[in-house]
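Notes follow the structure.
Read-outs: derived from the displayed coordinates by stated rules, not from any lab. The model shown is predicted, which means the values in this text are computed figures rather than measured ones. Reconstructed Cβ throughout: ideal geometry from the backbone, glycine too, with neighbour counts over all protein chains shown.
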Amino acid sequence: MFKSIVAATALAGVLGLAGQALADDRAAPARAVSTAGVDFRSEASVTDFYHRLDRAAWAVCDTYAANSRVTQGDRACAEVALARTVKTLDKPMLTAVHDAQHGRSGEALALRADR
């Protein structure tokens, strides 16, 4: 249970950026992603988990309801959310999968997310 709380907390904390974009005072949206059953030594398992994190970040950051196009804000929110979550979880295989998907930009996003 602690592992899924860590992933959810990391994703929810980053997704506070999405909450800033909301016009009203609703709480920042969040989506829990459980680490239960993820073998962080298996590339296939970690890749599947990474894609679940990515989908969760996009689901929370997507403002499609307000605008039918993906905005730069949506993209930035999702990318930063994913980078910070990967950094917070601090799993070498997960970081490697993220870097393979985003190259050096993934490292830059994680650093930018810390500010």
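Here are some notes:
- Sorted by Cβ neighbour density within 10 Å, fewest at the top, the residues L53, L89, L82: L89, L53, L82
- Sorted by Cβ density within 10 Å, fewest first, the residues V86, V38: V38, V86
- Förster radius 35 Å - calculated FRET efficiency between R52 and Q72 (Cβ-Cβ, nearest 0.05): 0.90
- If the chain linking E43 and D90 were pulled fully straight, counting 0.36 nm for each residue of separation and taking away their Cα-Cα distance, it would gain 15.4 nm.
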